[in-house]
Structures are given as C-alpha cells and as structure tokens.
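Student: Quick one: the structure is below, questions incoming.
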Amino acid sequence: MMTKSYKTKTKVSNGILFVVMLLLGICMIIPFVWTLSSSFKNNNEIFAYPIKWIPEVFRWSNYAEVCERIPFVTYYLNTLKLEVIVTAGQVITCSLAAYSFSKMQYPGRDKIFLCYLATLMVPWHAIMIPQFLIIKTLGLNDSHWSLILINIFSAFGVFLLRQFMMGIPEELSEAARIDGAGELKIYSQIVFPMCKPGLATLVVFTFNFMWNDYMAPMIYLTSDKLRTIQIGLASFRTQYGSEYGLIMAGTVCALIPMLLIFIVGQKYLVEGIAFSGLKG
C-alpha cells in the first residue's frame, strides 16, 4: 500500500515539475519567437496590438537591407575568424595546462594551480588599462591579434579541463609510461581523446563569450573593416534606431551561430559540466 502511495506521489510531483518546467521554457522562448517574427515586419506591425505573431507579409527584404546599409557580412566573417582562432587556441593551451596540473607530478604543482585559479577572481576591468598599454606597446592595437592574444589563455578553461582529466584513471597514464611513452604522447593519444565532453563544453563557452564580446573589440578595434558583429550591431542601432524590423533582422542573424553551437554541443555540454564537478 505504501509502495503504491509512494509511486502515486512520485508521479504527481514529476507531473507538476514537468508542467512548471514547460511553462518556464515557454516563457524563455517567447522573446526569441517575437524577435524572429518582428524581423519580417515593418514598424507598424511590430507595435500593433494585439501582437501579430505571424506577419501578414514576410519582409525578407529586411535581411538584405541590413547587409546593404552596413558591411554586415564583413563583421560576420571577422567574428567567425576570431571565434575559430581563439577557440582552437584555448583548446590547445587549456588542455596542455590542464594535463600538467592533473597528470604530471612536480614540486608546487597544486600551489601554482591555485595561484592561477585565483586570477578568476580579478575582474577584467581591473587589468583593462595595463592590458591596453601592453597591447599598444607591442604594436597590436587596431588588430585582430590584440583580441586573440588576450583571449587565447583561459583560467576557467584550465580549471574545467583539469577537473575533467582528474576523472580519467591514472592507471592508463602509468601503463603508457611503463611502455615508454612520453608525456606528450600520453597527452595526445590517451588523455586528450578522452576529454571530448570537457572540450565540447569549453568550445561552447568560448564561442558564446567571444561572439557576445563587446567591450574588448570596442577598445582595441578602430577600423571599420575589423569590427565584430556586436560592434556592428551597436553601430547599426545608433544610426537606424527607429527601424526596428531591420534591427531585429540583424539580431536574428547574430543569434543563429550561438544557437547552432548550443544545439550541436548541448549533450556534451551537460555531461562535461556535470562530470567536471565530481573531482576536486
């Protein structure tokens, strides 16, 4: 009797939880649906009441007009270029550092890791000015290399992958060392391939951070031909702030890559975050 009662309560609680999560999901997706719908409308339709979720006439010309008024494609390609280089760079640098902090033994390893991890508590605004002076001294100002240099290393990425690598059995590395494998071979042929969920998590986080980054490109990039998508959208809003259909069209274009990356990597993202928190 108690078993049936317990099962009934479990089903009811699961049903309530499902309904609550469904309602929260709908509330979260409504703004995206409205933005997508508005990207095909003119101003009169956007501000019509009650809201018309499906436009009477789909204005595909909004997307073409955005590209005509600003070099939107150039901004897009600039951002994708930075995304690929920085993401690939972080995968390499963070995984190498994480391997060192998790699989290699040397004096002061854990203390060095804690000092490196402490940099996460320093806000970027605290080092913004000295960082800018260093970039200017190196002659990298108004160059994509400035953004690459300041973003290619990540303390968070090292922490994430280190926690993941701590969960890989040490016996695998020891067996490889006995067989004569060096540290680089162990890293590249054993540890690195086993870190796919952690690496996918890092890729998703890095991609979203770089794609949404506004402050650093605004500080370091002055040439219009080097601008990123966020700077381009901000400039477009300043010039054409009253043409909301065009602004929504540009916003939708800026959202597509992030949505695709999340959809492709969501399985590994959840697995990587969950697993990284198990080892300390």
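Student: Give the value in nm², to one decimal: projected area of the alpha carbon convex hull of segment 65-276, averaged over all directions.
Tutor: On the way: hull surface 55.4 nm².
For the Cα atoms of segment 65-276, the hull's average projected area reads 13.9 nm².
Student: Additional query: Using the crude model of +1 on Lys and Arg Cβ and -1 on Asp and Glu Cβ, and no other charge, please compute the dipole size for the chain relative to its Cα centre, in debye to 20. Mind showing how you got there, number by number?
Tutor: Details: 22 positive and 16 negative charges, 150 e Å.
Result for the chain is approximately 720 debye, rounded to the nearest 20.
Student: I need the peptides 21-28, 176-183 ranked by packing, meaning the mean over residues of other C-beta atoms within 10 angstrom, with the highest value on top. All intermediate terms of the calculation are to be shown ahead of the outcome.
Tutor: Numbers: 21-28: 9.8, 176-183: 11.9.
Listed from highest to lowest mean packing, they are 176-183, 21-28.
Student: Right, something else. Per DSSP H run of at least 4 residues, take -39500 (n - 2.57); add these up for the chain, divide by its residues and hand me the 222 nm value, nearest 500 deg cm²/dmol. Intermediate values should be presented prior to the final figure.
Tutor: Working: 14 runs with 205 residues, N = 280.
Theoretical 222 nm ellipticity from helices: -24000 deg cm²/dmol.
Student: Given a Förster distance of 25 angstrom, what is the FRET efficiency for Trp145 paired with Tyr240, based on the Cβ-Cβ distance and rounded to 0.05?
Tutor: Taking R0 as 25 Å, the efficiency between Trp145 and Tyr240 is 0.20.
Student: Report the charge-dipole magnitude of segment 90-187 in Debye, nearest 20, computed about the Cα centre from +1 at each Lys and Arg Cβ and -1 at each Asp and Glu Cβ. Display every interim value, and only then the final one.
Tutor: Values: 7 positive and 7 negative charges, 49 e Å.
Approximately 240 debye in magnitude.
Student: How high is the FRET efficiency from Leu96 to Trp124, r the C-beta distance, R0 25 Å, rounded to 0.05?
Tutor: Numbers: r = 23 Å, r/R0 = 0.93.
With R0 = 25 Å, the Cβ-Cβ based efficiency is 0.60.
Student: How high is the FRET efficiency from Thr222 to Ile16, r the C-beta distance, R0 35 Å, rounded to 0.05? Spell out each step's value before the answer.
Tutor: Numbers: r = 55 Å, r/R0 = 1.56.
For R0 = 35 Å, the calculated efficiency reads 0.05.
Student: Moving on. At Tyr49 and Ala175, where each label point lies 7 Å from the Cα along Cα→Cβ, what is the point-to-point distance in nanometres?
Tutor: 6.9 nm
Taken together, the values in this text are just the output of simple stated rules run on the coordinates, not laboratory data. These figures come from a predicted structure and were not determined experimentally. Backbone-built Cβ (ideal geometry, glycine too); neighbour counts: all protein chains shown.
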